[in-house]
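K.L.:
To start, I am sharing the structure in question, which I have written as structure tokens.
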Amino acid sequence: MPVCRSRVFTSQLSPEMDGRVVHLLGWVHDVRDLGKIVFVLLRDKEGIVQLTIKAGSVPSEVLEIAKSLSREDVIHVEGVVKKSQIAKLGIEVIPYKIEVISKSDRVVPIDITGKTPADLNTRLKYRVLDLRRAENWAIFRIQHAVLQVIRSFLVERGFIEVFTPKIIATATEGGANLFRVDYFGKVAYLAQSPQLYKEQLCAVFERVFEIAPAFRAEKHDTNYHLNEFISVDIEMAFADMFDVMELLEDLIVEIYRSVKDRCRRELQVLGIDLRVPEKPFPRFKYSEVIDYLVERGIEVKWGDDLSTYHLKVFSERVGQQPYFIYYWPTALRPFYTKPCDDNPEESESFDLNIEWLEVASGGTRIHDKDLLERRIREQGLDPQSFSSHLQFFKYGMPPHAGWGLGLSRLLMMMLRRKDIREVVLYPRDRYRLEP
RNA sequence: GCCCCGGUCGUAUAGCCUGGUCUAGUAUGGCGGACUGUCACUCCGCCGACCCGGGUUCAAAUCCCGGCCGGGGCGCCA
């Protein structure tokens, strides 16, 4: 077995290394056998390099092995780096040894080189193989970059990262259905949101964030819903809606800027010319959106939720710039949302949309226990079932605000993918529980 | 859950409307062969498929019904 520590990645190869001996490990991406000369493309986590095996200039057994290789074989190569004008990357490697570490079946279910495209459904069935394609290499490296930015951005602003339980006892905080699980004979549920926990924690650490899965047992069937998704949640004490909107705005700009700067190769693979949004993002009151839609002749009235169709019409006027819709009717928001002091029908709440899709939502939360209990009742819920949460509002709950951001929704819109499943490694939807 | 559309080699598709010349075409892939600079190598030969069940008919990939699966639109959705 080859040793990892002497290994060189394809990204480390350069024309300046001309003449150096290197050890490479990776997968056979493609083989072009011209008879007395064979070209093998070796792929590792960083990229692809061409191995050139020419009769007469390599040992004859190396030529034989090269001819016998098939796509996706795992190989170990020892060879000499050669500067080359003919090879596309400006370099190639002349192997003096090729060792097959792991043989692949000759027929691979999907084409990893990307020449013969497969449907999304087929790709998801063979997801691990699909993930070897350049497109996915780019998508998930960008996702990683986004996560890094989020963490460093929030940490710089005094937030600490927390983890809240995903197996919870008490039922709902609202309408969405929860998955039931058997917890040593007791009924438990998978958390649909860290909302209540992060509010409690902001009465301790003041600024907390969590990046974790959320579960929704909803039978939706769209390109932008999943039953398990990664939610980026923050909660901030002594803050209101405007504070956390500005924080979100800064974060989004920082994400775009950083991806544009650090992921050039990835964006190039995806054919994306990323435009960094400008601050401040347009802000529209919910009532303005309704007025606009009514003007356009659409039948909708104050108090209705905005459908995808409504948002598609409205977003035409905004373009690709992310924008806020704020001051939503209190009745459309969850019970913990703070109603406006001067008009309790409206609430201090907002959504952040990119085009027609809600990417994040948040607002000022209620910190007054009596008001919170009243709102729970008004939403048709039982304050009794929230008693363990409500008790902490007796012991110094600061005013606070926060938001939740759908990581994959942001990524999907940023990278202009048509389906959220494309930007999730192993998507869980209504019909898909495997792989 | 509703409306519309579809299911053909490993993958992506043509054929279906107008049933029989479909022994199901093409591309890519796989196998065998030729080729010393390919980079979607090229060229020659071969391999490989009509979602399942029922019906109509002399005859079904093709028409009809049901099921399952998939795509688009909507709904559901903190």
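The values are calculated or read from the model by the stated rules, or taken from the named source; none is laboratory data. These numbers were taken from a predicted model, which means no experiment stands behind them. A quick note on method: Cβ atoms are made from the backbone with ideal geometry, for glycine too, and the neighbour counts reach across all protein chains shown. Keep in mind that these areas ignore ligands, DNA and RNA; they rest on the heavy atoms of the full protein, side chains included. Shrake-Rupley method; radii C 1.70, N 1.55, O 1.52, S 1.80 Å.
K.L.:
For region A:55-83, which residues satisfy the criterion of being polar (S, T, N, Q) and over 39 Å from the mean Cα position of the chain (by Cα)?
P.N.:
A:Ser57, A:Ser60, A:Ser68
K.L.:
Residue check, A:Gly90 against (1) in the same structural domain as A:Thr10 (by TED's automatic domain parsing); (2) touching a residue at least 60 places away in the same chain (Cβ under 8 Å); (3) surrounded by 14 or more Cβ atoms within 10 Å (Cβ to Cβ), all met but one. Which one?
P.N.:
Among (1) in the same structural domain as A:Thr10 (by TED's automatic domain parsing); (2) touching a residue at least 60 places away in the same chain (Cβ under 8 Å); (3) surrounded by 14 or more Cβ atoms within 10 Å (Cβ to Cβ), A:Gly90 violates only (3).
K.L.:
Test each condition in (1) closer than 24 Å to A:Pro109 by Cβ; (2) in contact with a helix residue (DSSP H, G or I) (Cβ under 8 Å, 6 or more places away or on another chain) for A:Trp27 and report the one that comes out false.
P.N.:
(2)
K.L.:
A further question follows. Can you name every residue in region A:154-170 that is under 20 Å from the mean Cα position of the chain (by Cα) and surrounded by 18 or more Cβ atoms within 10 Å (Cβ to Cβ)?
P.N.:
Across region A:154-170, the qualifying residues are A:Leu154, A:Val162, A:Thr164.
K.L.:
Filter region A:95-114 down to the residues that are open to solvent by less than 40 Å² (accessible area, probe 1.4 Å) and not in a loop (DSSP other than H, G, I, E, B), then identify the one that is nearest to A:Arg265 (Cα to Cα).
P.N.:
A:Pro95
Per-residue answers, yes or no, for (1) over 24 Å from A:Val269 (Cβ atoms); (2) within 16 Å of RNA strand B (Cβ to nearest atom); (3) part of a loop (DSSP other than H, G, I, E, B):
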{"site": "A:Glu16", "(1), (2), (3)": "yes, no, no"}
{"site": "A:Val49", "(1), (2), (3)": "no, yes, no"}
{"site": "A:Ser70", "(1), (2), (3)": "yes, yes, yes"}
{"site": "A:Leu89", "(1), (2), (3)": "no, yes, yes"}
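So that you can scan it fast, the table gives a plain yes or no per residue for (1) assigned by TED's automatic domain parsing to the domain that holds A:Leu251; (2) within 13 Å of RNA strand B (Cβ to nearest atom):
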| residue | (1), (2) |
| --- | --- |
| A:Asp119 | no, yes |
| A:Val162 | yes, no |
| A:Thr170 | yes, yes |
| A:Phe184 | yes, no |
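K.L.:
Further question on the same structure: If I go through region A:384-430 residue by residue, how many of them are of a type in the set (A, V, I, L, M, F, W, C) and free of Cβ contacts under 8 Å to residues at least 24 places away in the same chain?
P.N.:
Number of matching residues: 1.
K.L.:
Sort out which residues of region A:384-416 are in a helix (DSSP H, G or I) and within 15 Å of RNA strand B (Cβ to nearest atom), and write them in order of number.
P.N.:
Within region A:384-416, A:Ser385, A:Phe386, A:Ser388, A:His389, A:Leu390, A:Leu407, A:Ser408, A:Arg409, A:Met412, A:Met413 qualify.
K.L.:
Taking region A:338-383 only, how many residues are in contact (Cβ under 8 Å) with a residue 40 or more places away in the chain, part of a strand (DSSP E or B) and either closer than 14 Å to A:Trp403 by Cα or open to solvent by less than 10 Å² (accessible area, probe 1.4 Å) (or both)?
P.N.:
Of the residues in that region, 14 qualify.
K.L.:
Looking at region A:78-99, can you tell me whether even one residue there is in contact with an Asp or Glu (Cβ under 9 Å, 6 or more places away or on another chain) and within 30 Å of A:Asp429 (Cβ to Cβ)?
P.N.:
No, region A:78-99 has no match at all.
K.L.:
Still on this model: Give A:Leu274, A:Leu352 a once-over and let me know the one that is within 26 Å of A:Ile142 (Cβ to Cβ), of a type in the set (A, V, I, L, M, F, W, C) and out of contact with any Asp or Glu (no Cβ under 9 Å at 6 or more places or on another chain).
P.N.:
Going through A:Leu274, A:Leu352 in turn, just one is within 26 Å of A:Ile142 (Cβ to Cβ), of a type in the set (A, V, I, L, M, F, W, C) and out of contact with any Asp or Glu (no Cβ under 9 Å at 6 or more places or on another chain): A:Leu274.
K.L.:
When you check A:His29 against the structure, is it within 13 Å of RNA strand B (Cβ to nearest atom) and open to solvent by less than 90 Å² (accessible area, probe 1.4 Å), yes or no?
P.N.:
When the stated conditions are applied, A:His29 passes them.
K.L.:
Of the numbered conditions (1) part of a helix (DSSP H, G or I); (2) open to solvent by less than 60 Å² (accessible area, probe 1.4 Å); (3) touching a residue at least 60 places away in the same chain (Cβ under 8 Å); (4) under 30 Å from A:Glu345 (Cα atoms), A:Glu266 fails exactly one; give the number of that condition.
P.N.:
(4)
K.L.:
Looking only at residues that are of a type in the set (D, E, K, R) and closer than 28 Å to A:Gly271 by Cα in region A:417-435, which one is farthest from RNA strand B (Cβ to nearest atom)?
P.N.:
Per the stated criteria, the residue is A:Arg428.
K.L.:
Can you confirm whether region A:214-226 contains a residue that is in the same structural domain as A:Tyr395 (by TED's automatic domain parsing) and within 22 Å of A:Lys369 (Cβ to Cβ)?
P.N.:
So far as region A:214-226 goes, no, none of its residues is in the same structural domain as A:Tyr395 (by TED's automatic domain parsing) and within 22 Å of A:Lys369 (Cβ to Cβ).
K.L.:
Looking only at region A:312-337, how many residues end up being touching a Leu at 6+ places or on another chain (Cβ under 8 Å) and more than 9 Å from RNA strand B (Cβ to nearest atom)?
P.N.:
6
K.L.:
Considering every residue within region A:387-402, establish whether at least one is under 27 Å from A:Leu270 (Cα atoms), surrounded by fewer than 21 Cβ atoms within 10 Å (Cβ to Cβ) and among the charged types (D, E, K, R).
P.N.:
Taking every residue of region A:387-402 in turn, none turns out to be under 27 Å from A:Leu270 (Cα atoms), surrounded by fewer than 21 Cβ atoms within 10 Å (Cβ to Cβ) and among the charged types (D, E, K, R).
K.L.:
Does region A:143-150 include one or more residues that are part of a loop (DSSP other than H, G, I, E, B) and open to solvent by less than 40 Å² (accessible area, probe 1.4 Å)?
P.N.:
Among the residues of region A:143-150, not one is part of a loop (DSSP other than H, G, I, E, B) and open to solvent by less than 40 Å² (accessible area, probe 1.4 Å), which makes the answer no.
K.L.:
Looking for whichever is in contact with a strand residue (DSSP E or B) (Cβ under 6 Å, 6 or more places away or on another chain), surrounded by 14 or more Cβ atoms within 10 Å (Cβ to Cβ) and in the same structural domain as A:Arg262 (by TED's automatic domain parsing) here; the options are A:Phe179, A:Phe140. Which one fits?
P.N.:
A:Phe179
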